[in-house]
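**Q** Take this structure, written in structure tokens, and hold onto it; I'll ask about it next.
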Amino acid sequence: MSTLLAVSPHLDDAIFSAGAELARRASQGWRVVVATCFTGNVERPHGFALACQLDKGLGPEVDYMALRRAEDAEACARIGAEFVHLPFLEAPHRGYDDAAALFAGPRPEPRLEAELAGALDELVASLAPAEI
């Protein structure tokens, strides 16, 4: 069985952008693995991160990222894919203070870049995908 690895920056990106193709591959007998990079959460979000949650009608007591990971797991199951949730934090949890900062362009984060590259290298080595 060949493996297809879909690397998704955020939860639901792979499903929304390539879900039909991923489902087609799974139905053809491929092992489809969706690896989402930024799925970690902080214990008590605040500032912009909390505002991003509140504007969706979710109170501060809700573990927003756990909710999103569960939705992603369900979406992957529906298309016949496996999921891997890497523990990296989304930008609002990494100190971007507002939407303007978020969309102004990426800030250099050498440590994050190195850790993410290492995690993806390990994933590729362990899965040995035929396609990424």
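The values are calculated or read from the model by the stated rules, or taken from the named source; none is laboratory data. All values reported here derive from a predicted model rather than from experimental measurement. Heads up, the Cβs are rebuilt from the backbone with ideal geometry, glycines too, and the neighbour counts pull from every protein chain shown. In case anyone asks, the SASA skips ligands and DNA or RNA and just uses the protein heavy atoms, side chains included. Shrake-Rupley method; radii C 1.70, N 1.55, O 1.52, S 1.80 Å.
**Q** Tell me whether region 52-73 contains one or more residues that are outside any loop (DSSP other than H, G, I, E, B), at pLDDT 90 or above, touching a Pro at 6+ places or on another chain (Cβ under 8 Å) and surrounded by fewer than 18 Cβ atoms within 10 Å (Cβ to Cβ).
**A** yes
**Q** Give me the pairs: first residue in region 57-76 and farther than 25 Å from Ser17 by Cβ, second residue open to solvent by 60 Å² or more (accessible area, probe 1.4 Å) and β-branched (Val, Ile, Thr), beta-carbon distance under 6 Å, and six or more apart or on different chains, which are they?
**A** So the pair list comes out empty.
**Q** I need the full set of residues from region 14-29 which are open to solvent by 50 Å² or more (accessible area, probe 1.4 Å) and under 21 Å from Leu86 (Cβ atoms), in order please.
**A** Phe16, Ser17 - these are the residues of region 14-29 that are open to solvent by 50 Å² or more (accessible area, probe 1.4 Å) and under 21 Å from Leu86 (Cβ atoms).
**Q** Determine which single condition Val84 fails, assuming it passes every other condition in (1) within 27 Å of Asp55 (Cβ to Cβ); (2) not in a helix (DSSP H, G or I).
**A** It fails just one condition, (1).
**Q** Further question on the same structure: Of (1) under 17 Å from Ile132 (Cα atoms); (2) open to solvent by 60 Å² or more (accessible area, probe 1.4 Å); (3) not in a helix (DSSP H, G or I), Ala6 satisfies all except one. Which?
**A** (2)
**Q** Could you please give the count of residues in region 1-39 that are over 19 Å from the mean Cα position of the chain (by Cα) and within 24 Å of His93 (Cα to Cα)?
**A** Qualifying residue count, region 1-39: 0.
**Q** Which pairs do you get when a residue that is surrounded by fewer than 10 Cβ atoms within 10 Å (Cβ to Cβ), found in region 102-126, comes within reach of a residue that is of a type in the set (A, V, I, L, M), reach meaning Cβ atoms under 9 angstrom, with the pair 6+ apart or on two chains?
**A** Pro106/Ala91
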